[in-house]
Every structure is written in structure tokens, then in C-alpha cells.
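Only one structure is covered here, and it is reproduced in the block below.
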Amino acid sequence: GLKKPEISTVNLDEVVAKKIKSLPRGTVDAIKLASCLGRRFDIDSIDFVASGWREQQASTSNPEDNATIEEMLYNAVEADMLEELAPEYTDTEIRISYRFTHDRVQDAALLLIGEEKPQYHHHVGTCLLKLYESARSSQPWMLIVGADHLFKAKAIMKTQEERDRAARVCYEAAKLLKASSAFLSSFVLSQNAIELIGENSWDRDYDLTLKCYNQSAEIAFCKGSQADCERLAGEILQNARSPPDKTNALCIMFEDNASRSKHEQALETGMALLRDMNLTKIPKKVTNATMVAEVIRTLALLRSYSEEELCAFRGTDDP
């Protein structure tokens, strides 16, 4: 029988990309920037991002590039690239949003960016963070998407200081997702933060590194990844400069072993934690002789107090 002809996805993207390129340059730039924001975006966000991009490209701009964002989006809607959604009403504003008419349109717009992707990612990420930090538009998604874009722009970050700033953004975004129990996405961002701070970070910025590894280990435990949990906690134990800095890693390892019914490993980890905190004199190995000696010592201590004195005790410094 006749076979149904196959349509190449690559060729389809190229066809749509060619249609996008036929639009005015300002509209093309707006569509490309919008593709970085996602399938759906609001007009305030794309206006802020597109305005900043036009300022950067001012030396090569044409008079026709000075159209308003509304005019650019109208051109895209007329070309069937975007569709305007029903307005959303709040107590203080009316939010107007758009979305791409199809995933392939967004993919084609991303294809047009080409080798400039790092520059686009850096610009969009920076703009979203500015919007997030402003009192007017502090929406959580801006921090999360902005962090993802900054990580994708790491190739054009010239200094470690800039990468450290991006790492802090990824850390905060991961913390936000963790609070929402979105552990898989949170773990990706927390690992991005660790990648950005680099290999020598324990010596270069100890506090930031410890913070990133602690959070990543916690998220690994929450998402049930034993291998990641052990790897990250082990890295902390190997590089921690003081017993208190090891506490969180030991607690995570204890919880992870206990949750998997690895009671001996959990007990060993718990004892290591207590010894580091100087809260116990329990020996590493307990024998019958050890237990008899402790019972005798306890009885001797009890006999040295009256019943009234024992009842008056509020606590002890020797658990």
C-alpha cells in the first residue's frame, strides 16, 4: 500500500524560521527573546527584556526597529506566530499575556538565535532577575527561569566572580523550588550552582561552597537518590574545616541510612555525629562488660542523692 510521507522536523523548523525572518527586525528580535521566556509570557516581561536588548543593539538599529512592543507582538499575531490570551484581572492590574501558537514556532525562534544563544541567555536571565528583585514584579518564576538562563550563559562569563554571582542565584532558586517540594528541578539548579563555583571553591570561597553542597545533599535525600546523597555528604565531610560544619552532612547520612533500614550504618553515623558534638562518651564498640560497668556507675550515682534531690533535678549535662 501507499506509505504516508514523513515530514522532517528539521525542515519544518527551517520553514517556520524563514517565515519569522520575513517579519520586521524588531519583531524578529522580540519573538526570539520571547522564545527564551517560554511557551507563554506576559507583555510586561517581554517589554522589559526587549527594551534592554534594543539598547544593547542601538548601534546597529534601524528606524523601523523603534516600534512599540504592542506593535511588534501584533505583527507576530498577524503572522500566526503568537496568540493573545484573555486578560487576567487582579486588584491592582490587568495582565496581558501571549503564547506561541505551537511548540514548533518556539523551536524555530530558538533555532534563529544560533551561536548567539549564550548572549541571549545572559540578557534574559539578567532582565528576569531585575524584574524579580523589583517590588513591582517579584514573581517566583522569574528567579527560577532567570537562574536557568544565567547557567546556560556560563560560557561567556569572563570572571569567577561573575560565575559566583550566578551560583548564588541558582542556590536561591533551588531553595525556592525545594520549599515547593519540586525536588527534581531543585536538584538540577543546586548542581548548577556547584558547577559554577568550580573545582577549587573549597579554598576560594568556603562559606558559599559549604552552603551549596549542604543544600544539594539535602535535596538529594528528599528526592531519594542515595548515590547523590552519599557523594555530596562525603564531599562535605572531606572538606569541612570544623566539626559543626560536618553536622548537617552527618544528619543527612543518618536519615538516609535509617530510611533504607540500614540500621548499623545509621547507628555508626549517629555516633560519629554525637562524638563530633562532644555529647557522648559511648565507646565505639559496646560489650557486656561495658554495659555492666555503666549500670554499676549509674547505680552508684543514684545512691548519692536522696529521692527529693532526684525529683528536684531539671536536667543533666551528661547524657
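Given Lys19/Lys154; Lys18/Lys117; Lys32/Lys211, which pairs have Cα atoms separated by over 26 Å? Please report the intermediate quantities before stating the final value.
Numbers: Lys19/Lys154 31 Å; Lys18/Lys117 18 Å; Lys32/Lys211 36 Å.
Exceeds cut-off: Lys19/Lys154; Lys32/Lys211.
To put it simply, the accessible area of the chain at a 1.4 Å probe is 52 percent carbon and sulfur. Ligands, DNA and RNA excluded, the heavy atoms of Thr298 present near 70 Å² of accessible surface to a 1.4 Å solvent probe. Please say if region 67-189 is rounded, prolate or oblate, where rounded means a/c under 1.5 for a ≥ b ≥ c the square roots of the C-alpha gyration tensor eigenvalues, and otherwise the choice is prolate for a/b larger than b/c and oblate otherwise? The shape class here is oblate.
In straight-distance terms, cross-link reach from Lys285 covers every one of the lysines whose alpha-carbon lies under 19 Å from its own, apart from those fewer than eight places away in the same chain; here that gives Lys262. A Förster distance of 41 Å, applied to the separation of the beta-carbon atoms of Gln56 and Gln238, puts the FRET efficiency at 0.40.
Normalise the Cα radius of gyration of region 158-258 by 2.2 N^0.38 Å (N = residues in it) and let me know the number.
Normalised Rg, Cα atoms only: 1.01.
Mind checking the angle between helix 43-56 and the chain's longest principal axis? C-alpha axes, 0 to 90 degrees, to the nearest 10. Here the helix axis deviates by roughly 80 degrees. For region 165-215, what is the relative contact order in percent, using Cα pairs closer than 8 Å and at least 6 residues apart in sequence? About 37 percent, as a whole number. Magnitude of the Cβ-charge dipole of the chain, K/R +1 and D/E -1, about the Cα centre, nearest 20 debye? My answer is approximately 920 debye.
Each Lys and Arg Cβ is given +1 and each Asp and Glu Cβ -1; about its Cα centre, region 147-295 then shows a dipole of about 80 debye.
In the frame of its principal axes, region 130-217 has Cα extents of 38, 28, 20 Å, reported largest first.
Considering only Cα atoms, the convex hull volume of the chain works out to 250 Å³ per residue. On a 0 to 90° scale, report how tilted helix 69-78 is relative to the longest principal axis of the chain, with both axes built from alpha carbons and the result rounded to the nearest 10. Rounded to the nearest ten degrees, it is 70. For the set Met271, Met81, the ranking by accessible area, highest first and with no ligand, DNA or RNA atoms included, is Met271, Met81 under a 1.4 Å probe.
By a 1.4 Å probe calculation restricted to protein chains, Lys211 has an accessible surface near 80 Å², given to the nearest 10.
The values are calculated or read from the model by the stated rules, or taken from the named source; none is laboratory data. Note that this is a predicted model, so its numbers are computed, not measured. Every residue, glycine as well, gets a Cβ built from its backbone with ideal geometry; the counts of neighbours run over all protein chains shown. Note: accessible area is taken over every heavy atom of the protein model, side chains too, but ligands, DNA and RNA are not part of it. Shrake-Rupley method; radii C 1.70, N 1.55, O 1.52, S 1.80 Å.
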